[in-house]
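In what follows, a single structure is set out as structure tokens and then discussed.
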Amino acid sequence: MFTTRVGWRIALAACSISMASMEVRAGPLEDDVKAAYTAWDEAFGKGDAKAVATFYTEDALLLPPSHDVVEGPSGVEKFFSGIFGMGATDHKLEVIRADGDEKLIYGAAKWSAKGKDAQGKDQPWGGIATHVFERQADGSLKIKLHTFN
């Protein structure tokens, strides 16, 4: 019985240490993701598909709800040129959760934008997005995988 209690205490202490280190790590990663989202939203706000594409790695995949598989920055630029042609403006990403390690970070977010319906009338757009970022040599984050509904 004594051995079991000691074993549980050691296990609980290890979990506490592990949880504490996760909490410390989550703050800076969330800050990095928020900064990346802010910069991405700013490029989107300018209606600049080429600028938006610079946030993606060379081997990036963008998986939109249209079921297309969009590859790399040139594919991303073409995709967002079409989105801007549909009258999309005022994009905003809000972090739900961010985690990962120093090389690969994921972000889950709510997104919203203003767009047009089929008749050209203003319409709110929104949904959920997932991003997998790869940290670059300069410390910045680039999107390796992006999917949204």
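Here are a few things to note about the model shown:
- Here residue 145 fulfils each of the conditions (1) open to solvent by less than 40 Å² (accessible area, probe 1.4 Å); (2) of a type outside the set (S, T, N, Q); (3) under 15 Å from residue 37 (Cα atoms) apart from (1).
- Looking at the stretch 34-127, the strands (runs of 3 or more DSSP E) lying wholly inside it that each contain 3 or more residues that are under 25 Å from residue 138 (Cβ atoms), open to solvent by less than 20 Å² (accessible area, probe 1.4 Å) and touching a Lys or Arg at 6+ places or on another chain (Cβ under 7 Å) sit at 56-63.
The values are calculated or read from the model by the stated rules, or taken from the named source; none is laboratory data. Since we're looking at a predicted model, the values are computed, not measured. Positions of Cβ are backbone-derived with ideal geometry, glycine not excepted, and every protein chain shown enters the neighbour counts. Please note that ligands, DNA and RNA were not included when accessible areas were found on the heavy atoms of the full protein model with its side chains. Shrake-Rupley method; radii C 1.70, N 1.55, O 1.52, S 1.80 Å.
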